[in-house]
Structure formats: C-alpha cells, structure tokens
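Below: the structure, in structure tokens.
The values are calculated or read from the model by the stated rules, or taken from the named source; none is laboratory data. Everything numeric here is computed off the predicted structure, so don't read it as measured data. Glycine gets a Cβ as well: all are built from the backbone with ideal geometry, and neighbour counts include every protein chain shown.
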Amino acid sequence: MDTRQSIHSDHAKTLDTLGLRREFLVERVFVPGELTMTYSHIDRIVFGGIMPTGGTLGFADDLGKAFGVDFFLQRRELGLINIGGAGWADVDGTRYDIAPEEALYVGQGARKVSFGSIDKAKPAKFYYNSAPAHTSYPTRRITLAEASPATLGDAKTANRRTIYKYIVPSVLPTCQLSMGMTKLEEGSLWNTMPCHTHERRMEVYFYFNMDADTAVFHMMGKPDETRHIVIQNEQAVISPSWSIHSGVGTKAYTFIWGMVGENQVFDDMDHLKISELR
C-alpha cells in the first residue's frame, strides 16, 4: 500500500515538477495479476486497480491491521468501475458479473471480497475507490444504462462530454462515496472547464482510453496560482479540496472521477470564471 500524506496549498506551490508528481500522481494503477492500493490522508480515500489475469484476487485478510480494524471494509464502503474485459466480484458468497463499463457498489461490512476475469486473455480491470462509512447500504451492480447521464459542453469550445453518474444519491444510497465516468466526444479535449473547487470534498481523477503517444495536461492548484501535471494512459491524480481539477488532452479521452467528503450534492461546487485563473 502506497500512503500519501495531506499537502497544504502553501506547500504545494513550492514543489517542482517531480515534487508535484510524487505527492499527487499515481503512475501505475493497473498491474497484471495484482491488486494495487493507494491510501491518501485527504479524506481517507483509498483507490487502486484490480486486474485478475490468472487466479482470483482479493483484499488480504490482514489488510485491516493497516486501518485499525479486523478487515478492510469493516468501516468502509467501496465502489468500482470495470474498464477491461468482463469480470466478476464475489461479496461474502454472492457473485456479481460485471461487464465492461459497469460498476459495483459494496456496502460497509463486507468481509470477503474477491475478483476474477471471465476470459483471462481479456482480463477485467476494476478501478476502485473506498471511503470511510458509518452504516451499511446494500451491495449493488450498476449498468451503464442505469447510470444517470448528463451531456455538457460544446464542440466550439472543445469540451463536449457526457458524464455518467454511477454511484450518486439519485441512483443508490451510500455514506459519502460518489463515482462516475466522463467520456469526451471526438475532437473535444477539455474536461471541467470552466473549472471549480469544492471545499466540502476531495476528488481523484483516473484517466484512460488514451493512445500511447497522447497525454493530458491536468490542471491543479489554487485558482490564482495554478500548476499542471502531465498524465499518460491509466494514471490517477489526487485533487485536494482547495485545488482546481481540470485537464486538456492532445486527443479525446475518458476519465473516472471519485469524490469523498461531507456533501454528496453533485452540483455543490465553487465555480470559477476563466478570467479568474492565474
């Protein structure tokens, strides 16, 4: 498990390129045959990738020790979205088949959670987020058709995109975790511009569906003193509540967003005018 400490905004603006990447970027989320995990002290989010290529993968029995509990999800909830081939998850003896672009919410208290691929030649790739939880809500699979869609932006401003909200209050109840997937249309390059901050929650972006010779310039930092991190395919970036989070790619891409904090209202954002950015 890779642990990332909280970073004050005044500290962040003193960091060079390597420092920003060390504190906020996760360069390798998916490793064939492994389960990766990053634990951020910012709102205590845990995120990573699960890629079963041989046998079954799952959360180790002794993982709870790192969180001061008996097992990983004893005081946590979890959400995931499959960006690979068809796969499955077994939650305390109940199996959920998860097709590409489908999601799974696992309620707090699930003790035995394991994952596998339907076809090992086309392995599943489960990108997951986990947040502290105070009560247990039912585990549920969410299809792309069941996700709440919203199409925003304009081709003229290169930000035409559709947001699929999988794990939000209008779809199913959770304690605090929200997750979704945003797809940019061909020819559109910008996400979340004009941008915003949200003081009441943090966010992690996971960028994918990118060619090897493309990149996303992810914008971060306080609105009046912005920074950027260059991101390649299947990398994730942590966004504290004080930071903007927006990106422009050299080609269209897709990203998964996950939010953790005290407010689940999707539109609870502090919007910024482009003229306010520095």
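I'm trying to understand the selection: among the residues of the range 245-272, which are of a type in the set (A, V, I, L, M), surrounded by 22 or more Cβ atoms within 10 Å (Cβ to Cβ) and under 14 Å from Asn191 (Cβ atoms)? Let's see the steps before the verdict.
Keep residues of the range 245-272 that are of a type in the set (A, V, I, L, M), which gives 248, 252, 256, 259-260, 265, 269, 272.
Subsequent filtering for residues that are surrounded by 22 or more Cβ atoms within 10 Å (Cβ to Cβ) retains 256, 259-260.
Listed by number, the list holds a single entry, Ile256.
Of all residues in the range 117-140, those that are without any contact (Cβ under 8 Å) to a residue 40 or more places away in the chain have Cβ atoms under 9 Å from Cβ atoms of residues that are outside any loop (DSSP other than H, G, I, E, B) and surrounded by fewer than 22 Cβ atoms within 10 Å (Cβ to Cβ), 6 or more apart or on another chain, in Ile118/Trp88; Ile118/Asp97; Arg140/Tyr96.
When you look at Ser239, is it buried (at least 19 other Cβ atoms within 10 Å of the Cβ), farther than 30 Å from Ser136 by Cβ, touching a residue at least 12 places away in the same chain (Cβ under 8 Å) and in contact with a helix residue (DSSP H, G or I) (Cβ under 8 Å, 6 or more places away or on another chain), yes or no?
On the way: buried (at least 19 other Cβ atoms within 10 Å of the Cβ): yes; farther than 30 Å from Ser136 by Cβ: no; touching a residue at least 12 places away in the same chain (Cβ under 8 Å): yes; in contact with a helix residue (DSSP H, G or I) (Cβ under 8 Å, 6 or more places away or on another chain): yes.
No.
Selection over the range 167-186 of residues that are more than 12 Å from Phe266 (Cα to Cα), in contact (Cβ under 8 Å) with a residue 40 or more places away in the chain and either in a loop (DSSP other than H, G, I, E, B) or under 16 Å from the mean Cα position of the chain (by Cα) (or both) gives a count of 8. Within the range 16-31, the set of residues being surrounded by fewer than 16 Cβ atoms within 10 Å (Cβ to Cβ) and assigned to a loop (DSSP other than H, G, I, E, B) comprises Asp16, Glu27, Arg28, Val31.
Scanning the range 190-249 for residues that are among the acidic types (Asp, Glu) and over 19 Å from Phe47 (Cβ atoms) gives Glu199, Asp211, Asp213, Asp224, Glu225.
Give me a count of the residues in the range 93-125 that are more than 19 Å from Thr174 (Cα to Cα) and either crowded, with 16+ Cβ neighbours inside 10 Å or modelled with pLDDT of 95 or more (or both). Spell out how you get there, then give the answer.
Restricting attention to the range 93-125, the residues satisfying the condition of being more than 19 Å from Thr174 (Cα to Cα) are 93-95, 97-101, 112, 114-125.
Those still in the list that are either crowded, with 16+ Cβ neighbours inside 10 Å or modelled with pLDDT of 95 or more (or both) too: 93-95, 97-101, 112, 114-119, 122-125.
Here the count works out to 19.
Pick out the one residue from Asp154, Asp119, Asp97 that is among the acidic types (Asp, Glu), over 23 Å from Gly64 (Cα atoms) and touching a Phe, Trp or Tyr at 6+ places or on another chain (Cβ under 8 Å).
Details: Asp154 fails: touching a Phe, Trp or Tyr at 6+ places or on another chain (Cβ under 8 Å); Asp119 fails: touching a Phe, Trp or Tyr at 6+ places or on another chain (Cβ under 8 Å).
Within the list Asp154, Asp119, Asp97, the selection yields Asp97.
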